[in-house]
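Structure first, then comments.
The values are calculated or read from the model by the stated rules, or taken from the named source; none is laboratory data. These numbers were taken from a predicted model, which means no experiment stands behind them. Here the Cβ positions follow ideal geometry from the backbone for every residue, glycine too, while neighbour counts run over all protein chains shown.
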Amino acid sequence: MYLSSLATSPNVGTNLLALGAFLWVVICTIRRRSRSLPLPPGPTGYPLIGNLFDVPTERQWEAWAEWGKKYGDISSVTVLGQTIVVLNSYPFAKELLDGRSAKYSDRPYMSMPILCGWGDTLLILGYGRVFRTQRKLFHKSMGTMENFHRFYHVEDEQSRRFLREILVNPEPFVEHIEAGVASIVLRIAYGYGIGKNDPLLLKCKQITEDFIQMTSHKFLVNKIPVLRHIPEWMPGTNFKRLAKEWKQKVKEITDEPFYWVKEQMAKGTVEPSFVSTNLEDNEDEYSIKCTAVAMYGGATITTVVTIKVFFKMMALLPQIQARIQAEIDSVTEGDRLPTLADRDQGLLPYTLATLYEIFRWHLPLPIGFPHRTVEDDTYNGYFIPKGSIMCHDPRLYPNPEVFNPTRFLGSSSQLDPRELVFGFGRRACPGEWI
């Protein structure tokens, strides 16, 4: 489309934005009609805009869950020509996102993160050769518990440091959590030990906050990708100027720790890490760099949320806190802190069950990152074009609003929630063991 030829009216910016949005909706609508089977059921939408006003911009998972009760285990909504298939059933999600992962391993086009420089990272990459290369690097270093053993000392050391910081100065509590998580991820990824008010830590924190914003619904370009082609000088394109600022920050946080590792290797003072190990193996440098920064972005957001919820629940439920403390004391005899090795030996079953219950009770990402089908598919008599999202399914867990770690103990324990947290198929989070 030649936008320059349309620049004749005083309101050209507004007109072109509207025209671009209109054409995008029409194209998507025509594409969706080229099918014989119906879409899964869902609320009735309006012409062209579909269910735009039905989908909330906050706490979307609650709407998906309610629609699941009304329309069944598989439902759909259409927003501006984009069909979203919602899975409110674990068996359905398992079958499609895991059993048919070859078809369901793509990502929707996320315009703002791509404009900001995240497009070549595992968080945003579409399924293909580059994605597989980065997954392979990740899996080789820490994709299994056995591979991750060599980083156990990092987590144990940084956890002790975190607890000491809270003991000495508990007031900036959330800051301690954020710094504690960042210190673990940065040492594993780069062998980098952070100091007090470390400039790299501050940059990482800012990048994380920016990433949450750029993936949100506040940017219309995330809903209508064609808007990314609008020239920056036109009205309504502040997102492009903001994207330039964020892109520079992403470049800094991607490059600085990576080249710091290379300097340490040249000096012979490097600490073994994800980056140094893969550099020694002569893996592609750009792939290493992109995978490492994705490791930080993916791990910190979810882990910080989980730890915050843990402390909240321990404050609200002192009886559970007391039982965890008693279990830890029985293992350590009050002479040391627990370690990951204690967990691996099965010595902390109730403590581990509490972690699982936190995962279940408060998913860090309630609807996760959406999957997109690589090709059209059919399931259960319905046409599935792209974008499947799974919501919390209370039928898997009796009394789902009750915080009860014992549901994961014994021979009749309920479904392990880690798959709901870390995802399905080829898009499952590779950093589970971090």
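Of the numbered criteria (1) more than 20 Å from the chain's Cα centre (by Cα); (2) buried (at least 18 other Cβ atoms within 10 Å of the Cβ), the one MET214 fails is (1).
Set side by side, the residues GLU256, GLU252, GLU283 differ, and just one is outside any helix (DSSP H, G or I) and at pLDDT 90 or above, which is GLU283.
Of all residues in the range 54-81, which are over 21 Å from GLY381 (Cβ atoms) and out of contact with any strand residue (DSSP E or B) (no Cβ under 8 Å at 6 or more places or on another chain)? Matches in the range 54-81: PRO56, THR57, GLU58, ARG59, GLN60, TRP61, GLU62, ALA63, ALA65, GLU66. Suppose the filter is touching a Phe, Trp or Tyr at 6+ places or on another chain (Cβ under 8 Å), polar (S, T, N, Q) and more than 22 Å from PHE239 (Cα to Cα); does SER101 pass it? Yes: the conditions hold for SER101.
Pairs are defined by a Cβ separation below 7 Å, a sequence spacing of at least 6 or placement on different chains, a first member in the range 360-383 that is at pLDDT below 70, and a second member that is of a type in the set (Phe, Trp, Tyr); the pairs so defined are PRO366/TRP61; ILE367/TRP61; ILE367/TRP64; HIS371/TYR104; VAL374/TYR127.
Going by what's in this entry, would ALA294 be described as assigned to a helix (DSSP H, G or I) and under 26 Å from the mean Cα position of the chain (by Cα)? In short, yes.
Could you tell me whether GLU165 is outside any loop (DSSP other than H, G, I, E, B), under 28 Å from PRO56 (Cβ atoms) and of a type in the set (Asp, Glu)? Judged against the criteria, GLU165 is not a match. In summary, helices (runs of 4 or more DSSP H) completely within the range 39-156 and bearing 1 or more residues that are surrounded by 21 or more Cβ atoms within 10 Å (Cβ to Cβ) occur at 60-71, 90-93, 111-115, 129-142.
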